[in-house]
Amino acid sequence: MVASSRWTAWLRRGRERDAVPGPESPQARLDLLMGSVAAGFPLAPAAHPAGHRCSCDRVGCPAPARHPLSFAWQSQATTDPEQLTRWLTRDPLANFITATGRAHDVLDVPAEAGRLALARLAELGVEGPVAAVGEDRYLFFTATRGTPEDEDEFWSSELDSHPDSMSEHPGLRWHCRGSYTLLPPAALPDGTEVRWLHGPEHPLPEPLRVLDVLTDACTEVGAVAEEQWLIG
């Protein structure tokens, strides 16, 4: 009952302000975020658009509305719906990131390669969660390789991307431990929207199966730099 009353209060404020990012109503946005929580995706609050700039007010913010609000985002990230409700109550405009390498990884590719790969994965019967970042990138959510019981069994990849190394991977990026991606629904200052193509209710596929298709698609569209796709 407490959670229900909090959600109702947040929805009422959302309707009054009528300024939540993206085309979704407050109820639809809440449902989408709760769907990700139910799927086990750990969330943390992120900056959001403030006009044509980032809400963090940092001069020359290098990632407007794309970064967590706190440097402690890794410890903040949670699947607790009560905590999500508190964050939304505090800031109804917030975007959210999801910490990778826990419940899931994310394979992040240019949209041209993503569209090609999405069709091929569908033919193979692999339809895991997939999000689009405007017309620029596709995010393929997969099972994680980042939490083995035996740490010595963890294997690294030259594709591993962290927030400060995005420019090193212009083609295919693998978000694993220590990284994150924006989670739908989200909005950027230039009007770009982050939206689900296949929602989090779809089961997470094995990463190597998706990687095979994505590397082929990236190669075909010229989006893979040299040998970056090779597993280290």
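The values are calculated or read from the model by the stated rules, or taken from the named source; none is laboratory data. On a predicted model such as this, the values are computed, not experimentally measured, just so you know. In this analysis, Cβ positions are derived from the backbone assuming ideal geometry, glycine residues included, and neighbour counts consider all displayed protein chains. Side chains included, ligands, DNA and RNA excluded: accessible areas come from the protein's heavy atoms. Shrake-Rupley method; radii C 1.70, N 1.55, O 1.52, S 1.80 Å.
Structure notes:
- Residues with amide H under 5 Å from that of residue 197, placed H, sequence gap 5 or more: 130, 131, 132
- Charged side chains reduced to their Cβ positions (Lys and Arg at +1, Asp and Glu at -1) give region 31-151 a dipole of some 420 debye around its Cα centre.
- When 198, 104 are compared by accessible area of protein heavy atoms, the largest-first order is 198, 104, using a 1.4 Å probe.
- Here region 16-112 has 52 percent of its accessible surface on carbon and sulfur atoms, given a 1.4 Å probe and all protein chains in place.
- Burial order of peptide ranges 49-56, 215-222 (average beta-carbon count within 10 Å, highest first): 215-222, 49-56
- With a 1.4 Å probe rolled over the protein heavy atoms of all chains, the accessible area of 75, 25, 36 falls in the order 75, 25, 36, largest first.
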